[in-house]
Each structure stands twice: as C-alpha cells, then as structure tokens.
Amino acid sequence: MCGIVAKVSSENVLPFLIEGLKRLEYRGYDSAGVAVLQNGKIVVTKQKGKVNELEKLLDENPIGGNVGIGHTRWATHGKPDNINAHPHMCNDQSLALVHNGIIENYQALKDILIEKGYTFLGQTDTEVLVNFIDFIKKSEKLNTLEAVKLALKEAVGAYAIVLFDKDIPDSLIAARKSSPMVLGIGIDALYIASDVTPIVKYTNKIIYLNDEEVVVANKNAEYSISNLKNQAITPIIQEIEVKIEALEKGGYDHFMLKEIFQQPSTITDSMRGRINTDENWVHLNGVEDNLSRFLKAKRIIIVGCGTSWHSGLIGEYMIEDLARIPVEVEYASEFRYRNPIISEKDIVIAISQSGETADTVAALELAKEKGAFLYGVVNVVGSSIARLVHSGSYIHAGPEIGVASTKAFTSQIVILLLIALRLGKAKGTIDERKYIELISALESVPSKVQTILENIDQIKYIASEIKDHNNAIYLGRGISFPVALEGALKLKEISYIHAEGYPAAEMKHGPIALIDEDMPVFVIATNERAYEKIISNVQEVKARKGKVIAIVPFGEKIISKIADHCIFIPEIEDEISPLLSVIPLQLLSYYVSVMRGCDVDQPRNLAKSVTVE
Ligand code: M6R
C-alpha cells in the first residue's frame, strides 16, 4: 500500500510527480503529498484526500524544483489527515522523506528521539524514521547516505523510502526492504517509483531494487547502488514493455468496467501459445521445466489472499479432480503464523495479481525456508513474488487498476486449469476424451464471455432491483462455491453491501435463518454435477420468501421457473464454468456500485496492493 514516486533531473519535476501519483493512486488514496527542493529550501505540499485535491492546492500555490518526491497514502500509523500525510521532514527541515511499509520498532525509536529533544507533529512511523536518520547523521557525524544505511540497519519492518537532503541539491537516496521499488533510467533524468506505471511513459529501462539495497541518483542521470553492508551492487537493467494505453480507461467510465470487458482478450492472452487444439497439447514452460518435481509432489499447497485465494479454491477442485494430487488452499496470512507442516516434497503455488501482497510474500519465504518448491501465478512482471519463486507462469492479464480484481481472477483460473490438465495428462489421471474436450472448451471461453457481456440491460435491471438492499447471500456448490465467495466479495468491496458466500447445502446449517423477502440470494447453478441438489436449495430459499437471482445455462428449465430472475449464460464443461459464471456477478457488482454512488475504482478503506501485514 502507498505509492511512492520521485524524480531528479535538470528540469522541474513537479508535473511528473503529480502524473505519477495519479498512476499510483490505486495503491492508496487517503492523502497525497509532494516535496521539492526550491531555492535551497524543502517545500512540502500535502493534503488529505485524493491526488486531485493535492493538484488543486498546487495550482493555487505552485511549487517547483529539479529534485522531488511524492506519496499517495493508505494509512497504517495515524489517521488519514494533513499532518500524517507524507512527505515528512525532520525537525530542522533538512531532510524530506516518503515511505511505504511499516517500521515496527518505531515506538522504541521515537522514545529515544523524544529523550534527545526531537518533537513530533503526527503519529506516523515515517516521521520517526526521517528524524532518526537526522539524529544518526548528526550524532555520529556521518554523511546522509551513511546515516540512512545505519538507520535502516536499526529499523525493524518493511520499507521503501525515498528522501533528499536540502544540502545535497541534485540527488535522491532510495532504499527498500520487503516493499517494492523500481529505478527508471532516462537519458537525462532518473525516476523512482513503487512500480513501473509512472515511469513507462519516459523510459523502458528499469532496475528492480532488491531488499536492503540503497540507490543514490543524481540530476545527470548517474546512479550507484550498494547494500546496507556497503557492498557495491551491479544492477541488472531490464527493458520492459507496458503500453501507455493499458494504463488508461480507454473510453470506459471506470477501470473496473474496462477490465471486465477486456476479459475475452485477457483470457485469450493467458492461454496464448500454451494450448493447441489441433494437436491437443497444453504447455506451460514453468511446469514443463519442473515436470518431474510436480509429478513426484506429495501435495500442492496454494496460498493467496482475497480474490486470488478464491481462484486458488477453484484450482483445488481442478487439480484434485484432473491430476489427483492432494491440494490444500490456505489464506497466506493464516498459513504463515500457524507453524505449518511443509517439506521438500511439497509444491507451494502462490497466486497474486500484484505479486506484492505482503502476506503471500511472507508465506512463500516461510515455505522456501522449509525447502518447498515455489511456483508463482502472478500478473505483474518483475514483482516481488515473481522474483521470489523458483518458477511460475505469468497470467498476462495486463495492468489491473480497479481495486476490485476481475480480469486477473479469470486469467488465474485459466493458468490453474492448464496446470491441472498438463499434470493430469502426464499422470494419466485424465482420460483422453475428457482432456480433448476441456482443451477445446477452454478455447471457446473468450467468445462465450463476449456473449455474456452483451447482456448488459438485464444485468443493469437486476442491479437496480437489489441496489437498496443491505445484505445478500451467494450460493454455489462444488466448483461454483468459490464463485459464490468471489461474487460476495465483489459486492461488498465496491458497494458496501454486506454479502456472504456459502456452499449452498451448508445454508440450512445456519444462514437460512437470515432469509426473508428482503434477502437477495444469488445462486450459481451452472455446474451439472451439482444441478439436482441445487434445485432443492433454490426451493428452500423460495419457501422462505427469499428473492432468487440464478445464473443458469441457456435452455435450463427448472430453476428458471422458480427464480425471480435468471441470467442465462452459455453452456460449458463444469471444470470451466467459473470462467463464465463469474462474469455476470462482476457486472452486477459494478452496476450496483455505480447506482449507489460509490467510488467503484477506489472503494473506501481499500488499496489495490496490500503490501503491509
Ligand atoms: O495482488 P493480490 O492478488 O495478491 O491481491 C490479493 C487481494 O488483496 C485482492 O485479491 C483483493 O481481495 C481484491 N481487492 C479483490 O477484489
């Protein structure tokens, strides 16, 4: 969480800082701020609220300089207000600093500083860190770089920081540990950011900083990287390709809507070159290179959070069913703290859109320590998880900017299905006919998703019917149960309607008590294997006057007569059905959110990538 951006060059960096903060706003949007070195003095402008608010303030009181830092915040320590907003300066205003992460021992450091006479305006750990650097610099008589390194050795926790010193006019210092940071190398400028999105417009030459590395960058585009042990680092410069259009709304009202509508092409992209329906093969480099390890695996553990955890549950159904390898799906945040049993014979698959989720990173680090083989299913190229795992498959969904994950979910499912199919084929646990059927069904998905996307009017109508409710239940069985969880998550995170996903049969063990005429109940009834049973569940809901909105295959004749509303989607094999059944649920949440006047792309209290525990 929190987005950091910085630039040093011989021109005014402010326009870049503002543009960059807008690109990073998905990482947090409680408050935003910038600091520049103007006529030898650090000038900070910061403001509660979104970057637009900050921009208005800067229009009224323009500032500028050739070195500057910016920050968009998702509050951890201290409420979101003007004081706690970054950048923070040290007491004598000689240093300005932005920070993403958490300094866990900030209170102990603060106590020391207070004793030494330092004062604090707000409650953030960042204000402590900048003053701690200043204290070390002065008390140990060090230069700023040496002081930064010594201070960071004392700091416990996660950080990506950028700072500048008013007495070193043309340079920036940045460092990271467990929080992402990239350096962009321009011809006559250097850029630093939490990810590549603010930078790609200006340069495609990127260095991904590693933990405990510190970079010094100056206005002549010269830089040096060393680590906290003072060893010089020879960086790897990568040439990345992100098209700027991929970061724009492209005519859609919201990124989420664009991303939902992109799914026919993102699903195609995630399987491109990985399946062939003429020759009936499935090929994922990461699996192929490690096939014997996969085939010998005693168990696969899937870790992830939120939507990525939901796709992991779908992966469990697929891998167990088709490849007959036991799978456990764990919330990354729980896994890491419960002393799990992991051995070298386990494969841990991490699913993450951002590749930066702190809990998932920590779960992987634990599994790596215990000798497990790590496989990543990740969207963001070069992200922390992509670099931490032994092997993996990018999902190739392109930048996902709406906080509610949509296209990443469907692409994650595609990769998990490909893994299940390849392993099933290699193990002989899937019969040839089924294998061929599933490959060709998978290839038909993009056009079937397109069909669903053309049914917008009905979905808008249903959204208008449920928008004023305060609660909703989502039911599914078998492989549709995780889809129910995902539908509920989408509704609650962007509409603030309380929603629960349940296995349909479990409903009568408790949640059925909630059902009355005010309770919309979404039923995902697209998988044939559970069809008969789910009819009974729908009857149970109707008998208690619940309002049923069912998702069923075209031609379905029983549920469609009982339900209040039915959304028909193309027929498809059970194993693949989540790729279709989730689409109307994404759309419904989107339209409910718009109709309730919520901020679809930046819902309250959330951030796109959760880089703190
Ligand atoms: O980047 P990740 O896939 O690791 O993120 C995991 C969750 O934070 C994420 O899926 C979150 O639940 C989304 N807001 C869901 O829409």
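The values are calculated or read from the model by the stated rules, or taken from the named source; none is laboratory data. Quick caveat: nothing in here was measured; it's all calculated off a predicted structure. We place every Cβ from the backbone using ideal geometry, glycine too, and count neighbours over all the protein chains shown. SASA here: full protein model, heavy atoms, side chains in, ligands and nucleic acids out. Shrake-Rupley method; radii C 1.70, N 1.55, O 1.52, S 1.80 Å.
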ask   = So which of Lys258/Lys460; Lys407/Lys533; Lys177/Lys368; Lys7/Lys205 end up more than 24 Å apart, counting from Cα to Cα?
value = Lys407/Lys533
ask   = By DSSP, what percent of the beta bridges with both residues in the chain are antiparallel, rounded to the nearest 5?
value = 60
ask   = What ³J(HN,Hα) values, in whole Hz, does the Karplus curve 6.51 cos²θ - 1.76 cosθ + 1.60 give for the range 147-160 when θ = phi - 60°, with x put for Gly and Pro?
value = 5, 4, 5, 5, 5, 5, 5, 7, 7, 9, x, 10, 7, 10
Per-selection metrics, the range 255-452 (Cα): Rg and Dmax in Å = 15.9, 47
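Taking 41 Å as R0, compute the FRET efficiency from the Cβ-Cβ separation of Asn105 and Asp170 and round it to 0.05. Walk me through the numbers on the way to the answer.
Numbers: r = 33 Å, r/R0 = 0.80.
Once rounded, the FRET efficiency stands at 0.80.
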message = If I compute solvent accessible area with a 1.4 Å probe over the protein chains, what percent of it on the range 201-310 is carbon and sulfur?
response = 45
inquiry  = Given R₀ = 25 Å, what would the calculated FRET efficiency be for Glu506 paired with Asn470, taking r from the Cβ atoms and rounding to 0.05?
reply    = 0.70
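Between Asn230 and Ile341, take the C-beta separation as r, use R0 = 41 Å, and let me know the FRET efficiency to the nearest 0.05.
On the way: r = 40 Å, r/R0 = 0.97.
Between Asn230 and Ile341 the formula returns 0.55.
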task = Give the long-range amide H neighbours of Asn105: residues separated by 5 or more places, or on another chain, with amide H under 5 Å away, using H modelled in the peptide plane at 1.01 Å from N.
result = Val156
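Could you sort 575-583, 225-233, 600-608, 137-145 so that the peptide with the highest average Cβ count within 10 Å comes first and the rest follow in order?
Numbers: 575-583: 26.6, 225-233: 13.2, 600-608: 19.3, 137-145: 14.8.
The densest-packed peptide leads the list: 575-583, 600-608, 137-145, 225-233.
Please grab the % of Cα pairs in the range 3-246 that end up more than 34 Å from each other. If you can, show how the numbers build up before the last one.
Working: 2225 of 29646 pairs.
The answer is 8 percent, as a whole percent.
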query = Amide H to amide H under 5 Å from Glu212: which residues, 5+ apart in sequence or cross-chain, H placed 1.01 Å off N in plane?
reply = Arg176, Lys177, Ser178
message = Let me check against my output: what whole-number percent is the relative contact order of the range 233-384, with C-alpha pairs under 8 Å and at least 6 apart?
response = 18
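In debye to the nearest 20, how big a dipole does the chain give about its Cα centre with +1 on each Lys and Arg Cβ and -1 on each Asp and Glu Cβ? Mind dumping the intermediate values first?
On the way: 65 positive and 79 negative charges, 101 e Å.
Its charge dipole is roughly 480 debye.
With every protein chain left in place, what is the accessible area per residue of the range 255-452 in square angstrom, probe 1.4 Å? Walk me through the numbers before you get to the answer.
Working: 6870 Å² over 198 residues.
Result: 35 Å² per residue.
Please report, in debye to the nearest 20, how large the charge dipole of the range 463-535 is about its Cα centre when each Lys and Arg carries +1 at its beta carbon and each Asp and Glu carries -1 there.
Details: 7 positive and 11 negative charges, 57 e Å.
Computed about the Cα centre, the dipole is about 280 debye.
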task = Give the whole-number value, in cubic angstrom per residue, of the convex hull volume spanned by the C-alpha atoms of the chain.
result = 157
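Taking a probe of 1.4 Å, how large is the accessible area per residue of the range 460-613, in Å²? Provide the component values of the computation, followed by the final result.
On the way: 5760 Å² over 154 residues.
Value for the range 460-613: 37 Å² per residue.
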request  = Round to the nearest 10 and report in Å² the accessible area of Lys533, as given by a 1.4 Å probe over the protein chains' heavy atoms.
outcome  = 130
request  = Roll a 1.4 angstrom probe over the protein heavy atoms and tell me the percent of accessible area of the range 344-418 that is carbon or sulfur.
outcome  = 53
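Share of antiparallel DSSP beta bridges in the range 255-452, in percent to the nearest 5? Before the final figure, lay out the partial values.
Working: 2 of 22 bridges.
Just about 10 percent of them are antiparallel.
Heavy atoms only, probe 1.4 angstrom, no DNA, RNA or ligands counted: give me His99, His498 ranked by accessible area, highest first. Mind dumping the intermediate values first?
Numbers: His99 5, His498 85 Å².
The most accessible residue leads, giving His498, His99.
Rounded to the nearest whole Å², what accessible area per residue is found for the range 1-81 with the 1.4 Å probe?
With all protein chains present, the range 1-81 gives 35 Å² per residue.
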ask   = From the backbone phi of the range 135-145, what are the Karplus-calculated ³J(HN,Hα) couplings (6.51 cos²θ - 1.76 cosθ + 1.60, θ = phi - 60°) in whole Hz, Gly and Pro given as x?
value = 4, 5, 4, 6, 6, 9, 6, 10, 7, 5, 4
